[in-house]
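Below is one structure, written out as structure tokens, with a few remarks after it.
The values are calculated or read from the model by the stated rules, or taken from the named source; none is laboratory data. Predicted model only: the values in this text are computed from it and were never measured. When we count neighbours, we look across all protein chains shown, and the Cβ atoms used for this are built from the backbone with ideal geometry, even at glycine.
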Amino acid sequence: MARALTFDLGGTAFQAEPVKLDRDKLYGKTEIVAMDAAGAPCRKAWLDPDGSLVVPASGTANATLAADGTWLDADALTYVDEAGNELPTVPSTFDAPVALTPPDGAVAIATAPLGEVAWFADNSGGTTHPVGQKRPNSFGLYDALGNVAEWTSTQEENEDGTVWCILRGGSWRSTAEYCVPCAADTGLPSLRDDFIGLRLCAESASAAPATLSLPGGVELAMVPIPGKGHSMGRFPVTQAQWEAVMGENPAKFNGAENPVENVSWDDCREFLEKLNALPAAKASGLVFRLPTAEESEFACRAGTMAEEADEEAFLDHVWDSVYQLSNPDLAAAVGERIFRFPFNYRAGPAPREACLLASGGVAWLFAGDPVAREFVGLEQAGELEEEPEEASGEEEELDFGMM
């Protein structure tokens, strides 16, 4: 029986059965070649269930073997990180409604008036402001845009070997076009300025918020990021928090509850080292770090977000999976927007990115890791192909109005 997804949009529930498109017809037939360490092409092969026979592609099944050579079913596997710690299992997206609009009191960052969620050039008065005065996003994060730009752990290296660190989120001095979730800036690791701060990230298997007590009774609140196995600071690091850990306050705009600024990427590394050495941090089981640029943007968008649809730019990518959704009312409700959210076809440790949009009166779901590439076009997809467990319905000729 086909499985249906449920989307909650503006308090209205829409159900739709996803039908998977044939990627070869959608993007053109591709061939993936695996290379060994010497650069020679590898030949794909399967194992018999007893693990005794390797056969060419057309064999019986992929094999997962235990250390003693016994056959393991996929259901018997446990997902672990590089250190061997078991990763939390994220439920299938089919098991609960996908909330495309934020809960009461929160806003969708990409569609809310910027002045409601951020301190930026038009309303900041040329200074930072105490954290938490603007509305949070639907993950419960405040000042995800504006106030201070936030260092991330992501670095880029120029051809001359110069290393640049990525900043996200915009700041009190950013104009509106640069105070958006996708905007990024760069700085040398030693750069200090009065618009640059940080937000903490920490690996966390718990789905509950955590609050740490720093020296002097200063509190540090962390919020779990759904489906990601880590948490983020509810606010940017404040001057009170920085001083509690470092014993000094480097900020230009003084205020205990204002975000700390005038800190370099190197300063943040020292702050993290001292924070992780505190008894409260060790007792919490959290190991604090800077978020990656991707984690920072995902947290800012609160996973689910809506943006004005730019089909040409959006579709100029190859996605792992593309689905047609069967509910025309859903397509009408989505309108000219793109909604992004984490997506797990089956329960597992790490959801993929998914995007929902509507075009030609049809709703479409794109899932996976998009890679820029020449796009063949949905109007050339021709027909839907039924696939085991991931598609339903008979094959039929469709008129795609996507492009």
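A few points about this structure:
- Beta carbons closer than 7 Å, at least 6 apart along the sequence or on distinct chains, pair a first residue in region 277-289 that is assigned by TED's automatic domain parsing to the domain that holds residue 218 and surrounded by 12 or more Cβ atoms within 10 Å (Cβ to Cβ) with a second that is assigned to a loop (DSSP other than H, G, I, E, B) and not β-branched (Val, Ile, Thr) for 286/204; 288/200.
- Inter-residue pairs, beta-carbon under 8 Å, first polar (S, T, N, Q) and in region 332-350, second part of a strand (DSSP E or B), 6+ apart: 344/90; 344/352
- Residue within region 11-26 that is on the phi > 0 side of the Ramachandran plot and either at pLDDT below 80 or in a loop (DSSP other than H, G, I, E, B) (or both) present: yes
- Residue satisfying condition, being of a type in the set (Ser, Thr, Tyr) and under 26 Å from residue 351 (Cα atoms), within set 174, 213, 204: 204
- Restricting the first member to region 146-165 and to residues that are in contact (Cβ under 8 Å) with a residue 12 or more places away in the chain and at positive phi, and the second to residues that are of a type in the set (Lys, Arg) and surrounded by 12 or more Cβ atoms within 10 Å (Cβ to Cβ), the beta-carbon pairs closer than 9 Å and six or more apart or on different chains are 146/134; 147/134.
- Checking each residue in region 130-148 for being part of a loop (DSSP other than H, G, I, E, B) and not hydrophobic (A, V, I, L, M, F, W, C) picks out 130, 132, 133, 134, 135, 136, 138, 140, 142, 143, 146, 147.
- Of the strands (runs of 3 or more DSSP E) entirely within region 157-212, those holding at least 2 residues that are in the same structural domain as residue 147 (by TED's automatic domain parsing) and small (Gly, Ala, Ser) occupy 184-187.
- Leading residue by the ranking (farthest from residue 257 (Cα to Cα)) among those in region 140-162 that are at pLDDT 95 or above and of a type in the set (A, V, I, L, M, F, W, C): 151
- Members of region 108-139 that are among the aliphatic types (A, V, I, L, M), at pLDDT below 85 and surrounded by 20 or more Cβ atoms within 10 Å (Cβ to Cβ): 108, 109, 110
- When residue 63 is tested against (1) among the aliphatic types (A, V, I, L, M); (2) at pLDDT 80 or above; (3) in a loop (DSSP other than H, G, I, E, B), exactly one condition is not met: (2).
- Qualifying residue in region 186-201 (condition: of a type in the set (A, V, I, L, M), touching a Leu at 6+ places or on another chain (Cβ under 7 Å) and either surrounded by 17 or more Cβ atoms within 10 Å (Cβ to Cβ) or without any contact (Cβ under 8 Å) to a residue 60 or more places away in the chain (or both)): yes
- Entry remark, region 235-257: residues being surrounded by 23 or more Cβ atoms within 10 Å (Cβ to Cβ) and farther than 14 Å from residue 214 by Cβ number 1 in total.
- Look at (1) modelled with pLDDT of 75 or more; (2) surrounded by fewer than 19 Cβ atoms within 10 Å (Cβ to Cβ); (3) not in a helix (DSSP H, G or I) and you find that residue 332 fails only one, number (3).
- Filtered by the rule that a residue be under 27 Å from the mean Cα position of the chain (by Cα) and either more than 21 Å from residue 291 (Cα to Cα) or not assigned by TED's automatic domain parsing to the domain that holds residue 135 (or both), region 217-272 gives no residues.
- Filter result (buried (at least 19 other Cβ atoms within 10 Å of the Cβ) and in a strand (DSSP E or B)) within region 213-229: 220, 222, 223, 224, 225
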